[in-house]
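These notes concern the structure reproduced below.
The values are calculated or read from the model by the stated rules, or taken from the named source; none is laboratory data. What you are looking at is a predicted structure, and each value in this text was computed from that prediction instead of being measured. Ideal geometry is used to build each Cβ from the backbone, glycine not excepted, and the neighbour counts take in all protein chains shown.
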Amino acid sequence: MKATEMYIRLNGLKIFAYHGVLPQENKVGAEYTINLRLKTDFAHAAETDRLEGTVSYAEVFQAVKDEMKIPSKLLEHAARRIAERILKDFPTVMEVKISLYKQNPPMGAECTDIGVESTYTKD
């Protein structure tokens, strides 16, 4: 038996951060939700039941938290930085699909979240 595609998913990560174009967004902050889909080959870990050969969820989450601490004006920029960090820090990850949502953005509209989604691959 052979798996043709393998993904590690981290969905619904909640992080409080200070991103935004408006000065108040950088002072007050907001809650963000992040979803990640990481394409990797974890066949060895699946066979051996060992952490070696896969990607640690905890280490990925720490990388995301570190990047979210750096204020950005745009969600697009923050999402790109997170994907770039994951691709750099985790050599077995070949692709990162990320969605980053700001909860209750200050735009005068009734909504739950607004965000961006993109997919990045290694060159």
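Being in a strand (DSSP E or B) and either of a type in the set (A, V, I, L, M, F, W, C) or in contact (Cβ under 8 Å) with a residue 12 or more places away in the chain (or both) is a property that does not hold for Thr92. If you go through the range 17-43 and keep only what is surrounded by 15 or more Cβ atoms within 10 Å (Cβ to Cβ), part of a loop (DSSP other than H, G, I, E, B) and without any contact (Cβ under 8 Å) to a residue 60 or more places away in the chain, you end up with Tyr18, Thr40, Asp41, Phe42. Which one is nearest to Thr92 (Cα to Cα) among residues in the range 44-80 that are of a type in the set (Val, Ile, Thr) and without any contact (Cβ under 8 Å) to a residue 24 or more places away in the chain? Filtering first and then ranking leaves Thr48.
Filter the range 46-62 down to residues that are assigned to a helix (DSSP H, G or I) and either hydroxyl-bearing (Ser, Thr, Tyr) or crowded, with 17+ Cβ neighbours inside 10 Å (or both) and give me whichever is farthest from the chain's Cα centre (by Cα). Among them, the one singled out is Thr48.
Mind checking whether some residue in the range 58-68 is at pLDDT 95 or above, small (Gly, Ala, Ser) and over 29 Å from Thr4 (Cβ atoms)?
Looking only at the range 58-68, we keep the residues that are at pLDDT 95 or above, and these are 58-68.
Checking the rest, the ones that are also small (Gly, Ala, Ser) come to 58, 63.
Next, only the ones that are over 29 Å from Thr4 (Cβ atoms) stay: none.
Scanning the range 58-68, I find no residue that is at pLDDT 95 or above, small (Gly, Ala, Ser) and over 29 Å from Thr4 (Cβ atoms), so the answer is no.
For the range 71-123, the candidate set comprises residues that are surrounded by fewer than 16 Cβ atoms within 10 Å (Cβ to Cβ) and of a type in the set (Gly, Ala, Ser); within that set, the residue that is nearest to Tyr57 (Cα to Cα) is Ser118.
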